[in-house]
Structure formats: structure tokens, C-alpha cells
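Undergrad: Before I ask anything, here is the structure I am working with.
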Amino acid sequence: MLHSLKTKIFLLVSVILALVAVFVLYFTDRDVEQAMFEAEQRSARNVLELVELNIQSGYRDLVRSRVDAVNAHRRALRGLTMMARTTLDEIFTMSDLSGEARARAESRALDWLSRPRPAEEGEFLVFDAHGTLLAHQNPDARGGDLNLIRDIKGSSMAEAVHSEARRLGEVSSMFFWTWTEHGQPIKKFGWFVHYPPTDWVIGATVDIDELEQEGERKLEELLNNLRANFGKIRIAQSGSVILFNAQGEVLIGPEENSLAPILDLGTAINALTGKPLLEELKNLAAAKDRESMRFVPQFADAAGKIREQEAFCGYFRALGWYVAALAYVDEVGAPARNLVTRLSGIILAVLLAGLVLGLVLAGRIAKPLNALAVYAKALPETDFTAQEVQDQSAAIRHLPQRHKDEVGRLATALMFMEGALRENIRSLIETTATNERIEGELNVAREIQLGLLPKTFPPFPERREFDLFATLKSAKEVGGDLYDFFFMDEEHFCFAVGDVSGKGVPAALFMAITRTLLRTAGARDRDPGPIMEAMNNDLAPDNPNSMFVTLFVGVLNTRTGRLRFANGGHNKPVIKNQDGVHFLEGRSGPMVGAMEDIPYNAVEIDLAPGEMILLYTDGITEAMDEGLAVYSDERLLATMEAAPIVSAEQIIQIVLEDVARHVGAAQQSDDITALCLRYAGPVGGQG
């Protein structure tokens with residue numbers, strides 16, 4: 001009987017419901033008050049965070065309005081300086097400015113700049129390289145020494161503005177103006193431009209006290225908005241939020257009927273600790289964990305009671321404000337006591353109903369599950385590879401219509417699995433055969449592709465004028481990189497490295513065509529420029545997939561060391577000699593095969609005995625590690641710099657080993673090809 005699923009489900013439901021009832025009833029009375037208190041704590045924290053966000057939003061609006069006002073003044077003052085400079089250009093270009101004519105023009109310009117202007121539009125001032133004030137609408141200020149004026153950083157305004165204006169052409173500054181009617185410095189903002197014909201600095205300034213007043217008005221507006229919002233906030237039943245500053249001055253207080261006894265934070269004492277309440281609230285705001293504190297005020301509230309309270313506090317540094325969320329402790333426990341009574345009755349009713357439903361549900365679930373178990377047990381014995389397979393699903397086919405729950409879905413899934421198994425096994429057999437055929441064909445294609453490239457090194461053991469080595473490592477079975485080399489005649493040796501766009505079989509075919517065209521063009525001409533032009537004109541016309549190849553073709557005169565090369569969009573080779581390493585500059589044209597009739601110009605250099613050149617594809621410099629960091633041109637140069645001048649094969653081995661260290665366990669992302677040629681000099685020369 002105990003092995004029956006029906007019995008187990010019924011007993012399990014019964015035991016679970018009984019245990020839940022016992023534990024809930026036992027722990028509810030003990031823990032629910034704490035849980036409710038923690039919920040109220042979270043609510044208070046959320047309220048505090050929302051208030052802080054409200055203050056931050058208002059502060060951002062305040063800062064934004066100040067920034068907008070400053071930018072508006074900056075644009076207006078900049079326009080004034082542009083107008084002044086235009087007017088001075090007209091004055092100084094009206095006549096031949098030499099001698100007295102120039103003095104008169106300067107006098108006219110300074111008189112015009114000294115004319116009074118409306119205060120809201122700003123005022124002009126002009127000073128020379130010595131800081132002497134030449135023009136201003138205040139006659140008492142003219143001739144004054146602006147070196148005595150200080151900017152907001154405490155530096156000499158004239159010296160700082162003149163040097164920056166001469167260097168940048170225009171500059172802004174905020175400074176303290178001392179020539180005032182009341183004798184007290186006022187803060188001004190100015191935009192200054194350098195006027196080269198006279199070496200003057202022309203400035204347009206405006207009094208920014210109004211900005212400070214506007215800021216105070218915006219701050220008061222922020223407080224008013226916060227007062228309106230604070231009045232709507234209630235924590236528990238009668239808790240609220242207050243805003244105060246570091247001196248204990250309450251900027252926004254609670255209603256009198258709730259928290260009036262603690263409004264005087266400057267002198268209030270926490271009766272629980274005997275410490276100043278203001279100091280404890282500040283310490284609470286400075287804590288990082290958003291904890292709370294409890295306190296008891298010294299005086300009774302409006303109802304004549306001294307009630308313990310819970311406080312959460314935050315600090316807004318930009319304004320020096322503190323925000324405190326306050327709640328009464330006794331109001332938190334009342335909902336918990338009511339909840340315990342209601343929960344006890346609900347749990348008893350749920351227990352009885354659950355036992356009845358558990359019995360019915362256990363019987364309903366067990367029957368179809370038995371049928372599914374029999375069906376699932378028969379599946380492993382079915383031969384799905386046979387031509388005719390017996391349908392095993394007849395015994396469970398009715399379950400999806402009768403059961404719309406998990407049992408029905410399980411039956412549907414098992415029947416679908418049987419059909420999918422048949423289809424997948426057939427497909428797997430066909431796919432395996434196809435993959436084996438394709439893999440074999442790709443291996444043959446790789447052997448054919450690599451067979452097109454020279455693989456015997458040294459390739460010309462009887463020629464001691466140079467040492468040559470090359471290698472190619474495809475990212476896939478076949479790739480698009482290529483290298484080749486051959487003698488055009490007794491003295492001229494051609495070598496090339498290329499990188500076809502794309503990967504796989506199309507790139508491999510394009511690579512084979514490119515290598516054939518290189519050999520054909522090299523048989524007709526010894527100049528790499530015409531060779532590349534001929535290859536480009538052969539590849540570009542019939543190229544429906546718009547493929548192209550970046551290509552470097554070099555022709556070395558083994559007797560003289562003269563190297564003529566053409567670079568069609570390929571990576572810059574690396575030259576290494578006794579003096580160090582560097583990239584071989586010079587590009588002849590774009591990628592080969594992209595467009596017809598493009599000229600390619602050859603470039604010439606002389607290779608000294610012992611000097612070597614490294615050609616490579618971007619599979620080296622763009623090789624990525626597991627963090628997607630590329631190998632880079634800089635690391636290639638550093639590796640070549642550190643490598644000794646040895647054989648061409650050893651140089652390539654050093655580079656590839658360093659690339660492998662960089663890549664680590666990451667998969668190769670692109671074809672890697674490298675060709676190194678070390679010129680030893682003509683036969684009988686020193687290498």
C-alpha cells in the first residue's frame with residue numbers, strides 16, 4: 001500500500017499541510033511582529049530614498065538652470081566681442097594706419113568701446129599686454145592696473161587672460177571687479193578675445209550677482225516643493241519626514257500633532273542614550289549600511305505621551321542637508337497582532353480543505369502516470385532503424401484530450417519524442433555519411449591547395465645571395481592566404497604574399513587563381529607595378545562576388561640588392577637590420593581585383609647585406625586571445641626588435657611562437673602566413 005503513488009501523494013500532502021500549520025501557528029506569534037517591523041523599516045528606507053531622489057532631482061534642476069544661465073551669458077558676451085572685433089576691423093582698415101592716423105584710429109576704437117551700455121547687455125573693457133585698462137565705460141577705472149584684479153582662482157586676471165587669449169584666440173574668466181560705487185568687489189564673468197593688430201585683449205563682461213540671486217530663488221522654490229511633498233508622506237500611521245541642516249535648524253518639519261516635541265534639534269537629547277539627538281542623527285546619516293536608530297524625546301507629544309520612535313537618516317552633501325524618516329515603534333506592532341488572529345483561522349480551514357483535495361488529486365495523477373510508465377519502458381526496446389516500426393503510442397494517445405495539465409503535456413511530449421527519434425536517427429545516419437564525404441573532399445582540397453605553394457626550404461640551395469623561408473597555417477581546412485616566389489631570370493627574384501577576402505573554399509579558389517596570374521604576369525614583366533596592374537585587370541571583370549586580394553609583390557636584384565615592390569592594400573612589411581626594425585612604408589594602390597584599370601606604382605629600396613624583410617598577413621597582427629585583445633603591429637615590431645639576426649626560418653619561428661603565447665587557448669581566428677627573406681649580398685659578398 002505504501003508503494004502506491006496515490007498513497008504517497010496523499011500522505012505527503014497531509015504531512016506537509018500539518019507541518020505548515022504547526023510551524024506557521026507557532027512562529028507567527030513569535031516572528032510576525034519582527035517581520036512587520038522589518039517591512040516598515042524597508043518602507044521607511046524606501047521613503048527616505050525617494051525623498052533623496054526628489055532632492056537630487058531638484059538639485060540637478062537648480063544646477064542645470066545655473067549652467068543654462070551661464071551659457072546664455074557666455075553666448076551673449078561672445079557675440080559682443082565678435083561685434084567689437086568686427087567694428088575695430090572697420091576702423092583700422094579705413095585708412096593707412098601709420099603714425100598719427102594709427103593713433104587716431106586707436107583713439108576712435110577706445111572711445112567707441114568706452115561708451116556706456118545697458119547693464120543687462122554687458123560692458124566692454126580693453127587692456128594691453130601690461131595689464132593697463134585702456135577702455136571701460138567707468139572713467140575712473142581707465143588707466144587702472146588689471147594685474148591687481150584677481151580671478152576666482154586667486155591668479156592675476158590680466159596676466160592669465162592675456163596669455164590664454166593670445167594662445168587660444170578667446171577665453172572666458174570669472175573675476176572680482178574692484179572699481180565699484182560702493183567700493184566692494186563684485187563678481188563678474190567675462191569673455192575675452194585677442195586683437196592681434198594692436199595686441200589688445202577685448203573683453204565683454206557682465207555682473208553675475210543676479211545669477212546668485214536666481215540660485216537662491218531656485219533653492220527656495222526647491223524647499224517649497226519639498227514642503228508640499230513632505231506633507232503627503234506618512235510612515236506607518238503618523239510617522240513623517242523632516243529636513244534639517246548641520247546646525248540643527250529644521251528646514252521642513254512634521255505636523256505639530258505628530259513630532260512637535262523634537263523640532264528643536266539643536267538642544268534635543270535622546271532619553272535612551274543621554275546623547276544629543278542631532279549628533280546621533282548625523283552619525284546615522286554618515287553610516288554606509290542604512291541602519292536605523294531608536295530614540296525617546298524629552299517631552300510628550302500632543303496627546304501627552306512620550307513615545308519611542310525609529311529614525312532613518314540620509315545626507316545630501318551638495319547642499320549640506322539631512323533627511324530623516326521617523327516612525328512610532330508602537331504603531332508597527334498593531335498590524336502584527338491583528339494578523340495572528342486572522343491567520344490562525346485561515347490556516348485551519350486551508351488544512352482541512354487541503355487534505356480532501358490531496359486525496360482526490362493523488363488518485364487522478366496516479367492512473368495516467370502508470371500508463372505513461374509502461375509506454376516509456378517499451379521505448380528502449382524499439383528498433384527505430386527498421387523500415388517498418390510498430391506504433392507504441394496507442395495506449396497513451398487519449399491522454400492529451402482527457403488531461404490538459406502536465407500529464408497531458410507529458411504524454412504529448414513522449415509521443416513527439418518517439419516520432420522525433422525515428423526522424424532524427426534517419427537524419428543522423430544521412431548527415432554522418434554526408435559529413436564524412438565533405439570532410440574527405442576538404443582534406444583533398446587542402447592537399448591540392450598546399451601543393452600549389454612552394455614547400456621545399458631552402459628553395460634554391462645553390463643561390464647564396466639570400467636566405468628564404470615561408471609558412472602558411474589555415475584557420476579552416478582551406479583558406480585564402482598565399483605566398484609564392486620564383487626567379488624571373490638569373491638576377492631578378494620575385495616573391496609575394498597575399499590575403500584573399502573571406503575564408504573557406506571560395507577564398508581558396510580565388511587564391512589559386514591569384515597565384516596562377518602572378519606567375520603568368522611575372523613571366524611577361526619584371527616590374528611589380530605592371531605585374532599588379534595585369535593581375536588586377538584579370539581578376540576584376542569576372543568577379544560576381546566582389547572578392548579581392550591584398551597583395552605585396554617584390555622583385556629583388558640579387559646582384560645589387562635593389563628591391564622594387566608594389567603594395568596593393570597589404571600589411572606593411574617589417575625591415576630588420578643592425579640599426580633596428582621599422583615598417584617598410586609605401587603603398588602602390590588599393591586591393592587587387594576590386595576595380596579595373598587602376599594604376600599601381602612600384603617603390604624602390606636597397607637592401608644591405610644582412611638586412612631582412614618579413615612579409616605577413618593580418619592573421620598575425622590581428623590574432624586574438626581569449627579576451628579578444630589583438631596581437632598588434634606594435635608587438636610584432638617589439639618581437640622583431642628583440643630577435644637576433646639569424647636565419648629566415650628562425651625569425652619566422654620566433655614570431656609564430658610569440659603569436660601562440662599571445663593567443664593561448666583561444667581558437668585561431670584567421671589564416672596565418674609569413675615569408676622572410678634575408679639578403680646576404682652578391683656571391684662573394686659578406687652576409
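Undergrad: Looking at the stretch 542-606, which GluC sites (Glu not before Pro) are in a loop (DSSP not H, G, I, E or B) and have at most 13 other Cβ atoms within 10 Å? All intermediate terms of the calculation are to be shown ahead of the outcome.
TA: Working: sites: GLU585, GLU596, GLU604; in loops: GLU585, GLU596.
Those satisfying the criteria are GLU585, GLU596.
Undergrad: What percent does the relative contact order of the stretch 78-213 come to when contacts are Cα pairs within less than 8 Å and at least six residues apart? Don't skip to the end; give the middle numbers.
TA: Details: 235 pairs, mean separation 29.6, N = 136.
It comes to 22 percent, rounded to a whole number.
Undergrad: So, one more: Counting trypsin sites (Lys or Arg not before Pro) as exposed when in a DSSP loop with at most 12 other beta carbons within 10 Å, what is the longest stretch of the chain free of them?
TA: 456-687
Undergrad: Working out 0.36 nm times the residue gap between ASN545 and ALA523, then minus their Cα-Cα distance, what length gain in nm do you get to one decimal?
TA: Computed gain between ASN545 and ALA523 is 5.1 nm.
Undergrad: What is the distance in Å between the Cα centres of the stretch 189-229 and the stretch 592-621?
TA: About 61 Å separates the Cα centre of the stretch 189-229 from the one of the stretch 592-621.
Undergrad: Also, quick follow-up: Using the C-alpha atoms of the stretch 78-213, what convex hull volume per residue, in cubic angstrom, is computed? Before the final figure, lay out the partial values.
TA: Details: hull volume 14.8 nm³, N = 136.
About 109 Å³ per residue, rounded to a whole number.
Undergrad: Label-point separation (nm) for ARG45 and THR432, each offset 7 Å from Cα along Cα-to-Cβ?
TA: Using points 7 Å along Cα→Cβ, the separation is 5.8 nm.
Undergrad: Rg over Rh of the stretch 486-566, using C-alpha atoms and the Kirkwood radius, what does it come to?
TA: Numbers: Rg = 13.3 Å, Rh = 13.2 Å.
Using Cα coordinates only, the ratio equals 1.01.
Undergrad: Next question. Please grab the % of Cα pairs in the chain that end up more than 45 Å from each other.
TA: Details: 159332 of 235641 pairs.
Pairs farther apart than 45 Å: 68 percent.
Undergrad: Loop-only GluC sites (Glu not before Pro) in the stretch 468-565, please: DSSP not H, G, I, E or B, and at most 12 other Cβ atoms within 10 Å. Could the numbers behind the result be given before it?
TA: Details: sites: GLU477, GLU490, GLU491, GLU533; in loops: GLU477, GLU490, GLU491.
Here the sparse-neighbourhood loop sites are GLU490.
Undergrad: For the stretch 453-679, what mean projected area does the convex hull of the alpha carbons give, in nm²?
TA: Values: hull surface 46.7 nm².
Result: 11.7 nm².
Undergrad: Quick one: what Rg and Dmax do you get for the stretch 215-332 from the alpha carbons, in Å?
TA: Here Rg and the maximum Cα pair distance are 13.8, 43 Å.
Undergrad: Let me ask another. Only sites in a loop by DSSP and with at most 16 other Cβ atoms within 10 Å count here; which GluC sites (Glu not before Pro) in the stretch 134-211 make the cut? Each step should come with its number before you reach the end.
TA: Working: sites: GLU159, GLU164, GLU170, GLU181, GLU210; in loops: GLU181.
Here the sparse-neighbourhood loop sites are GLU181.
Undergrad: Helix-only estimate, please: 222 nm mean residue ellipticity of the chain, summing -39500 (n - 2.57) across DSSP H runs of length 4 or more and dividing by its residues, to the nearest 500.
TA: Details: 14 runs with 314 residues, N = 687.
That calculation yields -16000 deg cm²/dmol at 222 nm.
Undergrad: Could you check the simple spin-label distance between VAL63 and ALA287, using points 7 Å along Cα→Cβ, in nm with one decimal?
TA: Simple spin-label model gives 2.8 nm for this pair.
Undergrad: Please give the FRET efficiency for TRP112 paired with HIS582, using the beta carbon to beta carbon distance and R0 = 60 Å, rounded to the nearest 0.05. Don't jump to the answer; show the numbers that get you there.
TA: Numbers: r = 60 Å, r/R0 = 0.99.
Rounded to the nearest 0.05, the efficiency is 0.50.
Undergrad: Out of ALA534, ALA665, LEU468, whose Cα points farthest toward the positive end of the dipole of the stretch 453-679 (charges: +1 Lys, Arg; -1 Asp, Glu; placed on Cβ)?
TA: Most positive-ward Cα: LEU468.
Undergrad: Moving on. Determine the relative contact order of the chain: mean sequence separation of Cα pairs under 8 Å and six or more apart, normalised by residue count, in whole percent. Walk me through the numbers before you get to the answer.
TA: Numbers: 1122 pairs, mean separation 62.4, N = 687.
This gives 9 percent for the chain.
Undergrad: Here's something else I'd like to know. Assuming 0.36 nm per residue, please report the length gained on full extension of the stretch ALA349 to ALA271 beyond their Cα-Cα distance. Please report the intermediate quantities before stating the final value.
TA: On the way: separation 78, 0.36 × 78 = 28.08 nm, distance 4.70 nm.
Additional length available on full extension: 23.4 nm.
Undergrad: Something else about it: Find the Rg to Rh ratio for the stretch 540-653, where Rh is the Kirkwood radius over alpha-carbon pairs and Rg uses the same atoms. Kindly include the intermediate steps, with their values, before the conclusion.
TA: Values: Rg = 16.1 Å, Rh = 15.9 Å.
Across the stretch 540-653, the Cα-based Rg/Rh ratio is 1.02.
Read-outs: derived from the displayed coordinates by stated rules, not from any lab. Quick caveat, the model's predicted, so the values are computed rather than measured. Heads up, the Cβs are rebuilt from the backbone with ideal geometry, glycines too, and the neighbour counts pull from every protein chain shown.
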